[in-house]
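Participant: Questions regarding the structure given below will be posed in turn.
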Amino acid sequence: MTLVSELMRRLLWLPDVLLGGPAYARHLYLTRNNTPLDASVVWEGLTQPENPLFHWLSDHYPPPVIRKLLLNIYANSRDRIAGVSEHYDISNEFYQLFLDRRYMFYTCADFVCDTDTIETAQERKANYILNLVDPQPGERILDLGCGWGSMMKKVYETTGDADNLVGYTLAQEQIRFIQDTYGFRAEFKDVVTTEFEPESFDKIYSVGCIEHIPVRHLLPVARRLAQTIKPTGRIVHHFFCQLSEAPPTRLFALGVKMFPGAELTSLQHHLKVFDQAGLHIAHQSIHNYRPTLRAWYDRLVEHQDEAIKLVGVHNYNRYLCYLADAWRLFDDRDLVLTRFVLQRQDAPVKLQVDVNCHAAEPMPSAAEKVMSWAT
Ligand SMILES: C[S@@+](CC[C@H](N)C(=O)[O-])C[C@H]1O[C@@H](n2cnc3c(N)ncnc32)[C@H](O)[C@@H]1O
């Protein structure tokens, strides 16, 4: 590291603290390092409780209203579509280094014991979501935010019907991967702006896509999906969100540096949106994201040299810090990972979808309170 870049790193610390608080400044300070970070120091530093002053400041500065405003301004001033590409088009080979080998899921897996690998846990999650979607041959099925085709692969293994299956993504590299690997129909289409034919799909699911949709688009998107699904159909959403209205300050670095254009909101807000869109909740569950983030972290560290060759040391450091910071956000219950099955409120028969599986977590009390408000 040159003396000048080290000096810059230190000089930027104070403006970063003033802008986004100490957790934000620490994240940036670490990721500006020009040499690979020490993985155990980063994990320990970002996931374990800090000294009381740091902790208090992280919780209180900037104040909640300002945080919400700053993140909203930032999310809406960025090109949302370019932001998605920035994150996902970085290199398919890079993601292959740390995601599970069978599906390449880039979303929370279902770990149930310490001996689970990321492969077993993603298989369990795929089965869980498959049960929620319940796909049948001949049904028209839409995967919103299809990633590298992970859930499409699972659905196809069950239905054997590729003609009626389509996935949308905003990452060209993912489309290339899906077409080369599976030959499925993956299209570059934006969930926020795409117009659908009314009642044209039997099943619509999204695994980890809603997080990318800015808050002001959530209701229009939900309304459009409610019109697009057949009255007998269902919508499955797997996503994470805030437990409270105010975004935690630790989210700043992730929102600004890792997912430009994305914006999160509270669980309560999502429930309100479903209701206003005319959707009834037929299943809801909470899942633990932490073991997945830890497994990705460990695998990335295992492949440090290849990762740096593919995306450079700066990106390697960024991903380490983001995975550790994300772990902490879930550990503090600032964020929760949820799964919903929704159906139209005018559906001829009310669904009650139960999945007999140990993969769901007990509801944290704050979530329980919010969920009971909705039912
Ligand atoms: C976290 S990844 C999840 C991928 C996959 N579902 C999985 O479980 O691994 C988010 C996906 O959503 C897609 N995405 C984000 N915003 C989108 C939008 N507005 N329209 C379509 N796809 C979007 C991204 O391109 C990416 O494929």
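The values are calculated or read from the model by the stated rules, or taken from the named source; none is laboratory data. This structure is a prediction, so every number in the text was calculated from the model and none was measured. For neighbour counting, all protein chains shown are included, and Cβ atoms are generated from backbone atoms with ideal geometry for every residue, glycine included.
Participant: What about L70, is it more than 16 Å from the ligand (Cβ to nearest atom) and within 23 Å of the chain's Cα centre (by Cα)?
Facilitator: yes
Participant: When only residues in the range 314-333 that are under 19 Å from Y29 (Cα atoms) and either among the charged types (D, E, K, R) or surrounded by fewer than 16 Cβ atoms within 10 Å (Cβ to Cβ) (or both) count, which is farthest from the chain's Cα centre (by Cα)?
Facilitator: H314
Participant: A further question on this structure: Scan the range 64-85 for residues that are outside any helix (DSSP H, G or I) and surrounded by 12 or more Cβ atoms within 10 Å (Cβ to Cβ) and report the count.
Facilitator: So the count comes out to 1.
Participant: Among the numbered criteria (1) near the ligand (Cβ under 9 Å from one of its atoms); (2) surrounded by 23 or more Cβ atoms within 10 Å (Cβ to Cβ), which single criterion is violated by T193?
Facilitator: (2)
Participant: Does S77 satisfy the condition of being without any contact (Cβ under 8 Å) to a residue 60 or more places away in the chain and within 22 Å of L254 (Cβ to Cβ)?
Facilitator: yes
Participant: Shifting gears a bit: Filter the range 196-210 for residues that are of a type in the set (D, E, K, R) and outside any strand (DSSP E or B); which is nearest to the ligand (Cβ to nearest atom)?
Facilitator: Across the range 196-210, the extreme among qualifying residues is E197.
Participant: While we're on this one: With respect to G233, is the statement that it is more than 28 Å from Y74 (Cα to Cα), free of Cβ contacts under 8 Å to residues at least 24 places away in the same chain and out of contact with any Ser or Thr (no Cβ under 8 Å at 6 or more places or on another chain) true?
Facilitator: When the stated conditions are applied, G233 does not pass them.
Participant: Could you please give the count of residues in the range 73-82 that are touching a helix residue (DSSP H, G or I) at 6+ places or on another chain (Cβ under 8 Å) and either within 12 Å of the ligand (Cβ to nearest atom) or of a type in the set (A, V, I, L, M, F, W, C) (or both)?
Facilitator: The qualifying residues number 2.
Participant: Consider only pairs whose beta carbons are under 8 Å apart and that are at least six residues apart or on different chains; among these, list those whose first residue lies in the range 1-20 and is β-branched (V, I, T) and whose second residue is modelled with pLDDT of 80 or more and in a helix (DSSP H, G or I).
Facilitator: The qualifying pairs are V17/Y24; V17/A25.
Rundown of residues vs (1) in a loop (DSSP other than H, G, I, E, B); (2) over 30 Å from T47 (Cα atoms); (3) in contact (Cβ under 8 Å) with a residue 60 or more places away in the chain, yes/no style:
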{"site": "N317", "(1), (2), (3)": "no, no, yes"}
{"site": "L323", "(1), (2), (3)": "no, no, no"}
{"site": "V341", "(1), (2), (3)": "no, yes, yes"}
{"site": "L351", "(1), (2), (3)": "yes, yes, yes"}
{"site": "V355", "(1), (2), (3)": "yes, yes, yes"}
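Participant: Would you mind telling me which numbered condition in (1) in contact with an Asp or Glu (Cβ under 8 Å, 6 or more places away or on another chain); (2) buried (at least 18 other Cβ atoms within 10 Å of the Cβ) T232 fails?
Facilitator: Failed condition: (2).
Participant: Any residue that is over 24 Å from A126 (Cβ atoms), assigned to a loop (DSSP other than H, G, I, E, B) and either in contact (Cβ under 8 Å) with a residue 24 or more places away in the chain or of a type in the set (S, T, Y) (or both) - is there at least one of those in the range 211-222?
Facilitator: yes
Participant: Identify, please: which residue in the range 124-176 is among the charged types (D, E, K, R), over 16 Å from the mean Cα position of the chain (by Cα) and within 12 Å of the ligand (Cβ to nearest atom) and is, among those, surrounded by the fewest Cβ atoms within 10 Å (Cβ to Cβ)?
Facilitator: The residue in question is E173.
Participant: Tell me, yes or no, whether the range 275-295 has at least one residue that is part of a strand (DSSP E or B), closer than 28 Å to D116 by Cα and of a type in the set (V, I, T).
Facilitator: yes
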